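See structure below.
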Amino acid sequence: STQSTWGITSDVMQGRGVYNRFGTHQLAAHRATAEALRACVSRVGSAHRSTDVFYVADIGCSEGANSVHTLADVTESLLASSPECEVVVLHSDQPSNDFNSLMSALSSGSSYSQNPRVFAFAQARSFYSPLCARNSIHIAVSHIALHWLSRVPCPIPGVCLSTCGAYASANLSAEVKQCWRAQAKEDLVQFLSLRARELKPLGELFVLMVGREQNRTLNPFVGDGPAGDGGPPQQNAFSVALSKLRSRDRVTDEELSLLVMQYYLRDEDEVREAAASVSEVFELIQTSTHVVPLGDENVEAAVRNSTQVVPMFWAIHEPSVKQAFLTRRSPEAVALLMAELKETFAQTFSELHGNSTQLATYVCAVFRKRC
């Protein structure tokens, strides 16, 4: 984590296997886009049929549980394209990522890497920098990572988990929204330019990011903006919980000003706009939007929210929240405050969302490098 002028910026998930345990509740988004990924792998296999070794980049792997699940299908399909070929997979994430948990996931008996024709490696580097040698990768995949920006571009007033360039909030000025939109476009163009350098001709990039539909955002972790179609505003349970703590004088306005996360939820139009900036090297094959439930649908909604969705929130956000409080408090004081905040958040989430199934929106995009 680093401290910017306006907030604590961190895009590292909670470690020690916590994200592996609760991040899997986003796998419905992987399943919703599995057919598009299979088509991507099929095209690459056909275009590079004579290849002896396929190189795959998994970008933003976190602790690896979701990656191992998804990369199993990718490697299996590539191996089936040629009886003699082998596959090399490079998993990458931030240097502060929990790579011990990643290695445990990769070495498990059910991991795709147990296949003797598959070789897995890991790298500690931001995806806003080069990850691989030029023209070396056949397929690059990135699941649920690209909503994280390279930095917080400008402050956001009030208690807010993240910006509303994605949420059309009436609480934010046009200038603030445009600032975040511009940063989101700049970052996506940079990401695409870097991946175009690394992909082989006719190689493909598959991206799945937390996103939004053009006129609404469905996501229980962000809100304070209209739900769309003239409906009532979404309420951000985290912001409400923080407001409760502020009313008890448990947190200060200065601490709240640091709780701005560096992510932005794009819609398909914003993806296409960024793609147009790299159209000389990348062909945008498709974009799609998917609204999927969070958690195990076989579990009753209220139980699912308390035992899966709420813990998933903390698996994603706890490192950033703790870092904000650590700038002014001792570790012991932060531990006590976090316990109170977690209890308040769980109660607030139950009050706001209760027995309702929580939905989240994801945007998928597939790019092919031109010859």
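The values are calculated or read from the model by the stated rules, or taken from the named source; none is laboratory data. Just so it is clear, the structure is predicted and the values come from calculations on it, not from any experiment. Because the Cβ atoms are built from the backbone with ideal geometry, glycine has one as well, and the counts that use them run over all protein chains shown. Surface areas here come from the heavy atoms of the whole protein model, side chains and all, with no ligands, DNA or RNA. Shrake-Rupley method; radii C 1.70, N 1.55, O 1.52, S 1.80 Å.
Before moving on, here are some points about what is shown:
- The combined condition, being acidic (Asp, Glu) and closer than 21 Å to Ser150 by Cβ, is not fulfilled by Asp73.
- Scan of the range 132-152 for residues that are in a loop (DSSP other than H, G, I, E, B) and within 18 Å of the chain's Cα centre (by Cα), ordered by number: Ile144, Ala145, Leu146, His147, Leu149, Ser150, Arg151, Val152
- The residue list Phe127, Phe54 contains one member that is touching a Cys at 6+ places or on another chain (Cβ under 8 Å), surrounded by 20 or more Cβ atoms within 10 Å (Cβ to Cβ) and either closer than 27 Å to Arg197 by Cβ or without any contact (Cβ under 8 Å) to a residue 40 or more places away in the chain (or both), which is Phe54.
- Elements of type helices (runs of 4 or more DSSP H) contained in the range 292-371, each with 1 or more residues being in contact with a His (Cβ under 8 Å, 6 or more places away or on another chain) and either free of Cβ contacts under 8 Å to residues at least 24 places away in the same chain or surrounded by 15 or more Cβ atoms within 10 Å (Cβ to Cβ) (or both): 310-326
- Enumeration of residues in the range 98-124 that are among the aromatic types (Phe, Trp, Tyr) and open to solvent by 60 Å² or more (accessible area, probe 1.4 Å): Phe119, Phe121
- Between Lys200, Lys185, the distinction of being open to solvent by 50 Å² or more (accessible area, probe 1.4 Å), modelled with pLDDT of 85 or more and over 21 Å from the mean Cα position of the chain (by Cα) belongs to Lys200 only.
- Residue match in the range 87-97 (condition: open to solvent by 20 Å² or more (accessible area, probe 1.4 Å), of a type in the set (Val, Ile, Thr), at pLDDT 95 or above and under 12 Å from Asp58 (Cβ atoms)): yes
- Within the range 111-124, residues that are among the small types (Gly, Ala, Ser) sit with their Cβ atoms under 7 Å from residues that are open to solvent by 60 Å² or more (accessible area, probe 1.4 Å) and at pLDDT below 95, at 6+ positions apart or across chains, in these pairs: Ala124/Pro95.
- Consider the range 269-291 and keep the residues that are in a helix (DSSP H, G or I) and of a type in the set (Asp, Glu). The one that is least open to solvent (accessible area, probe 1.4 Å) is Glu270.
- For the range 35-43, the criterion of a residue being buried (at least 18 other Cβ atoms within 10 Å of the Cβ), polar (S, T, N, Q) and either in a helix (DSSP H, G or I) or touching a residue at least 12 places away in the same chain (Cβ under 8 Å) (or both) is satisfied by no position.
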